[in-house]
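What follows is a short report on a single structure.
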Amino acid sequence: MTRYRAYAKVNIFLKITGTRGEYHTLSSRFMRVNSLFDTLWFENKSTPEFEIRGNFDCEIHSNTIYKAYKYLQSATRSDKLSSFFENNAVCVEKQIPSFAGLGGGSSDAATFLRMCNEALDLELSIDELAEIGANVGADVPFFVYGYDSANVSGIGEIVEPFNEPLLDFEVTTPSLQISTPAVYRYYREHRYLPISKEEASRLEATSSKEILASINSKEANDLYSAALGCYPELHEKEGWFFSGSGSSFFRIKE
């Protein structure tokens, strides 16, 4: 069976631009991490239930791959989708840490959607897959499109490719699982200071290398100080940038 890579991402910058109901709107640059990925493939099985094989620390109904399957089923009403998973399991070799700001769960879900579309000839466009993926999680559309680098805005559903060379990153993840909702809640209650449209536009037009060379880690990511406030056991790392709501840090490889 063909094996597919589900790459991690880092947030070069992540700035809050406002709120939309319970959600925060953002302006962010996502960049793929070529050296860090999960591997997914399909494998024959003998029991009819939907099965995910891999080292996961959540129940199957909470797994992003399972959610992607349910949304794909709902969108396509495809009989061949249902019958395929009566005979095949989804296998995942995990390398991307969970709850780490690297988008592992979102990348797995997006890769799964693309695998199904290809293996079962569902004939969905990339935009349709991204729309299905957005139901699973805000970061999923970025991974569906498979861009090296992109400006991501709204609540994650607006993904615009940014043309620049892919950077080579070093990534480190402390053994601390961070809750994204908790960090956003702390941010709204204690750190809320959205940036202007002009400042967002300026960042979105600037290369990732230039951004990382010109601002510090707290200026780059609005959620960094919120994560530090929310999790006293999280320690600052001099010379490293903070990805998403954490807990991973990254820097450009020398």
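Laid out as a table, the results:
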item: Elements of type strands (runs of 3 or more DSSP E) in the range 64-161, at least 3 residues being more than 28 Å from residue 209 (Cα to Cα); result: 88-93
item: Set 211, 178, 155, 215: member being touching a residue at least 60 places away in the same chain (Cβ under 8 Å), within 18 Å of the chain's Cα centre (by Cα) and under 16 Å from residue 243 (Cα atoms); result: 178
item: Unique match (being over 20 Å from residue 253 (Cβ atoms), of a type in the set (A, V, I, L, M, F, W, C) and not in a loop (DSSP other than H, G, I, E, B)) among 171, 183; result: 183
item: Residue that is surrounded by the most Cβ atoms within 10 Å (Cβ to Cβ) [pool: residues in the range 186-212 that are part of a helix (DSSP H, G or I), in contact with a strand residue (DSSP E or B) (Cβ under 8 Å, 6 or more places away or on another chain) and not aliphatic (A, V, I, L, M)]; result: 187
item: Failed item in (1) farther than 24 Å from residue 161 by Cβ; (2) out of contact with any helix residue (DSSP H, G or I) (no Cβ under 7 Å at 6 or more places or on another chain); (3) at pLDDT 95 or above; (4) not hydroxyl-bearing (Ser, Thr, Tyr), with residue 32 passing the rest; result: (1)
item: Residue check, residue 102 touching a residue at least 12 places away in the same chain (Cβ under 8 Å) and within 20 Å of residue 43 (Cβ to Cβ); result: no
item: Failed criterion for residue 40 (all others in (1) touching a Phe, Trp or Tyr at 6+ places or on another chain (Cβ under 9 Å); (2) buried (at least 18 other Cβ atoms within 10 Å of the Cβ); (3) not in a strand (DSSP E or B) hold); result: (3)
item: Every residue from the range 30-43 that is among the basic types (Lys, Arg) and over 12 Å from the mean Cα position of the chain (by Cα); result: none
item: One residue from 100, 138 being aliphatic (A, V, I, L, M), in contact with a helix residue (DSSP H, G or I) (Cβ under 9 Å, 6 or more places away or on another chain) and surrounded by 15 or more Cβ atoms within 10 Å (Cβ to Cβ); result: 138
item: Pick from the range 1-37, criterion under 19 Å from residue 109 (Cβ atoms) and of a type in the set (Ser, Thr, Tyr), ranking: surrounded by the fewest Cβ atoms within 10 Å (Cβ to Cβ); result: 2
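So that you can scan it fast, the table gives a plain yes or no per residue for (1) of a type outside the set (Gly, Ala, Ser); (2) out of contact with any Cys (no Cβ under 8 Å at 6 or more places or on another chain):
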| position | (1), (2) |
| --- | --- |
| 5 | yes, yes |
| 32 | yes, yes |
| 35 | no, yes |
| 39 | yes, yes |
| 42 | yes, no |
| 45 | yes, yes |
| 49 | yes, yes |
| 57 | yes, yes |
| 73 | yes, yes |
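Each row is one residue, and each column tells you yes or no for (1) farther than 18 Å from residue 33 by Cα; (2) over 18 Å from the mean Cα position of the chain (by Cα); (3) surrounded by fewer than 16 Cβ atoms within 10 Å (Cβ to Cβ); (4) among the aliphatic types (A, V, I, L, M).
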site: 69; (1), (2), (3), (4): yes, no, no, no
site: 72; (1), (2), (3), (4): yes, yes, no, yes
site: 83; (1), (2), (3), (4): yes, yes, yes, no
site: 111; (1), (2), (3), (4): no, no, no, no
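The values are calculated or read from the model by the stated rules, or taken from the named source; none is laboratory data. Remember, predicted model here, so these are calculated numbers, not experimental data. Positions of Cβ are generated from backbone atoms using ideal geometry, with glycine treated the same way; all protein chains shown enter the neighbour counts.
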